[in-house]
Amino acid sequence: MLTFFLPDTEALAQASLNQAIALYNKNDFASCSSLLSKDINGSLRNNASAHYYLASACLRLGQNNAAAEHYLATSKLAPGTVYDTYSRKAMQS
């Protein structure tokens with residue numbers, strides 16, 4: 001009997017987020033945004049870090065409305081955290 005193991009959805013989401021952060025840190029904002037945009041309405045929907053990095057990548061790409069939307073989502077998902085603080089500062093500038 002063959003047993004198949006499906007990858008853990010949460011682990012896949014974390015791996016995707018880690019890859020996106022690495023792309024962001026290499027100043028590859030377009031690839032970061034593209035990767036996160038695929039998962040932001042699914043497995044990373046409630047992940048403040050994902051919204052924060054997507055917002056920051058969008059801002060660097062001149063997509064100000066999308067950036068504001070994801071900074072706001074970050075603040076709602078993680079009030080009182082460093083992500084919330086940075087998101088609020090970004091929205092004020």
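Reducing region 68-93 and region 12-45 to their Cα centroids gives an inter-centroid distance of 18 Å. Relative to the longest principal axis of the Cα atoms of the chain, the long axis of helix 48-60 lies at roughly 50 degrees.
The mean accessible area for residues of the chain, using a 1.4 Å probe and ignoring ligands and nucleic acids, is 65 Å² per residue.
GNM on the chain, alpha-carbon springs under 10 angstrom: the most fluctuating residue among L77, L36, L12 is L12. Give me the percent of accessible area attributable to carbon and sulfur for the chain, probe 1.4 angstrom. C and S atoms contribute 53 percent here.
Split the chain at each of the chymotrypsin sites (Phe, Trp or Tyr not before Pro) in a DSSP loop with at most 13 other beta carbon atoms within 10 Å, and the longest piece is 6-93. With K and R counted +1 and D and E -1, the other residues having a Cβ less than 10 Å from that of C32 yield a net charge of +1.
Taking all Cα-Cα distances within the chain, those exceeding 14 Å account for 62%.
The values are calculated or read from the model by the stated rules, or taken from the named source; none is laboratory data. These numbers come from a predicted model, not from an experiment. Positions of Cβ are backbone-derived with ideal geometry, glycine not excepted, and every protein chain shown enters the neighbour counts. Accessible surface is based on the protein model in full, side chains and every heavy atom, while ligands, DNA and RNA are left aside. Shrake-Rupley method; radii C 1.70, N 1.55, O 1.52, S 1.80 Å.
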